[in-house]
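Throughout, read-outs are computed from the coordinates displayed, never taken from laboratory work. Bear in mind that the values here come from a model prediction, so they are computed numbers and not experimental data. Backbone-built Cβ (ideal geometry, glycine too); neighbour counts: all protein chains shown.
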Amino acid sequence: MKKLWKYIVGFFTIVIGGLLAFLSGRSAGRKDEKFKNINKEIKSVDKSLKKRKKVKNGYKKTLQSKKNTLEEIKKQRESFGVERKSTKDATDFLKKYAKTKKAKKGKK
């Protein structure tokens, strides 16, 4: 019985010693250290992506508001009967307007 007891205790000692060596070896607890830097990088990338999404949403909102104002201007033009003219016509009008202004100042 004593010989059998020695073998049983020896077996359990070897198994427990092996488990302790495996669990407290070089790599024990290092997994968190390895992933710590990676987790920091993931968080920083997530933050930058969120910032870009906010900026993108801001641009979308401004573009949408500009489209809405353009539509409103078109509706107002149509309601007032304003026609689009070429730049050449507009410059001619401005030249004539400026000449009439100068002529009026000169008469006073």
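Summarising the label geometry, the points placed 7 Å from Cα in the beta-carbon direction at LYS2 and TYR97 lie 12.1 nm from one another. When the inverse distances between all different Cα atoms of the range 2-78 are averaged and flipped, the Kirkwood radius reads 19.1 angstrom.
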